[in-house]
Amino acid sequence: MPTHSQEERLIAWRQAEQIARDKLGEPGTLSLQQVSELSAQEFFDRIGRGELPSPPFGHLVDFVPLEWEPGRFLFQGTPDARHYNPLGSVHGGYAATLLDSCMGCAVHTRLEPGQGYTTIDLRISYVRALTRNTGPVRAEGKLVHLGRSTALAEGRIYDANDRLYAVGSTTCMIFDLRERGAA
């Protein structure tokens, strides 16, 4: 396998983020009924191709979905001064949001049509500060366990040099979307 310089990897990451960003549709949401009719793969594939609206929160925080497969989800974003806290570094909520999103979506990739989820527990450990000089970061979530009513996932945030910034784990509650939509 060829080795890539740090600069080549950084360029590739920035290109991947731009390609994903260019494919996304306008921000918006679907009804629970519409979501419940799609498989997880179809749901994410159609968002990734711009055929379905992209989640508004991703636009607000400025991160994009890059890769997904059953049990795994990868987002990328580039933190900047908009994400700063008063102490001059990226607010911890940015990392928490990326981790909550990648771990929750990793759970979602394994759900059946008609199933939904919500985070009921989120644990984050911060390893080092993110700044506007960090460059692009990836948040990768992996499913650990999927049961009938709960799921567990773990995630990590790292940069193009594979430096770790934060790790997390979550418990998600699994529910029937069709019952929620009728309520």
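The values are calculated or read from the model by the stated rules, or taken from the named source; none is laboratory data. Everything numeric in this text was worked out from a predicted model, so none of it was measured. Neighbour counts are summed over all protein chains in view; Cβ atoms, including those assigned to glycine, are modelled from backbone coordinates with ideal geometry.
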From the list Gly71, Gly88, Gly114, Gly77, pick out the single residue that is more than 17 Å from Thr170 (Cβ to Cβ) and under 17 Å from the mean Cα position of the chain (by Cα).
Gly77
Among (1) touching a strand residue (DSSP E or B) at 6+ places or on another chain (Cβ under 8 Å); (2) not in a strand (DSSP E or B), where does Arg178 come up short?
(1)
Mind listing whichever residues of the range 27-43 are in a loop (DSSP other than H, G, I, E, B), touching a residue at least 40 places away in the same chain (Cβ under 8 Å) and of a type in the set (A, V, I, L, M)?
Leu38
Flag for Ser36 being surrounded by fewer than 16 Cβ atoms within 10 Å (Cβ to Cβ), among the polar types (S, T, N, Q) and either farther than 19 Å from Ala139 by Cα or in contact with a Pro (Cβ under 8 Å, 6 or more places away or on another chain) (or both):
no
Being in contact (Cβ under 8 Å) with a residue 40 or more places away in the chain and exposed (fewer than 13 other Cβ atoms within 10 Å of the Cβ), is that true of even one residue in the range 16-26?
no
Having 1 or more residues that are at pLDDT 95 or above and touching a Lys or Arg at 6+ places or on another chain (Cβ under 6 Å) is the bar; report the strands (runs of 3 or more DSSP E) wholly within the range 44-135 that clear it.
63-69, 72-77
